[in-house]
Amino acid sequence: MGSLSNDKFVITLCHGPAALLAASMGRDESLFKGYSVCVFPDALDEGANLEIGYLPGRLPWLVADLLSKQGLNVINDDMTGRTHRDRKLLTGDSPLASHQLGLLAAEALVEAVATADQVY
């Protein structure tokens with residue numbers, strides 16, 4: 001995956017960590033195995049989101065479940081606006097986390113630039 005080999009940040013929100021599932025394609029394991037993430041809770045996609053009609057029916061797979069099966073550590077099971085940073089992977093659990101995730105991303109990027117400037 002280009003972003004890891006090029007030392008870039010990966011930032012995802014809500015169901016966005018589903019994109020991380022592609023990191024295992026053509027490999028024996030995910031490049032993100034061992035990382036911790038926040039993600040939209042599967043319990044809501046199996047319950048409330050169906051009940052209120054947000055989803056048209058049951059999903060064929062659940063994001064947090066598949067991430068866990070690929071060796072990632074999903075650190076939330078609820079939706080509170082939680083954010084998390086693990087190395088250069090920044091995640092937020094839902095739209096409630098969007099503002100805080102933006103602040104976390106800005107802080108991480110400024111820190112990376114400041115650190116890079118000190119090296120040269």
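The values are calculated or read from the model by the stated rules, or taken from the named source; none is laboratory data. Remember, predicted model here, so these are calculated numbers, not experimental data. As a convention, Cβ positions derive from the backbone with ideal geometry for all residues, glycine included, and neighbour counts pool all protein chains shown.
General observations
- Selected residue (only one of 88, 69 is surrounded by 15 or more Cβ atoms within 10 Å (Cβ to Cβ) and basic (Lys, Arg)): 88
- Within segment 2-23, if we keep just the residues that are of a type in the set (A, V, I, L, M, F, W, C) and in contact with a Phe, Trp or Tyr (Cβ under 6 Å, 6 or more places away or on another chain), the residue that is modelled with the lowest pLDDT turns out to be 23.
- Residues that are assigned to a helix (DSSP H, G or I) and without any contact (Cβ under 8 Å) to a residue 40 or more places away in the chain within segment 24-54 comprise 42, 43, 44, 45, 46, 48, 49, 50, 51, listed in sequence order.
- Note on segment 56-82: among residues that are of a type outside the set (Gly, Ala, Ser) and not in a loop (DSSP other than H, G, I, E, B), the one that is farthest from residue 34 (Cα to Cα) is 63.
- Count of residues meeting criterion [over 8 Å from the mean Cα position of the chain (by Cα) and without any contact (Cβ under 8 Å) to a residue 60 or more places away in the chain] in segment 5-23: 6
- Of all the residues in segment 20-43, those that are touching a strand residue (DSSP E or B) at 6+ places or on another chain (Cβ under 8 Å) and either farther than 28 Å from residue 116 by Cα or surrounded by 14 or more Cβ atoms within 10 Å (Cβ to Cβ) (or both) number 7.
- Of the set (1) surrounded by fewer than 17 Cβ atoms within 10 Å (Cβ to Cβ); (2) in contact (Cβ under 8 Å) with a residue 12 or more places away in the chain; (3) touching a Gly at 6+ places or on another chain (Cβ under 9 Å); (4) more than 24 Å from residue 31 (Cβ to Cβ), all apply to residue 94 but (1).
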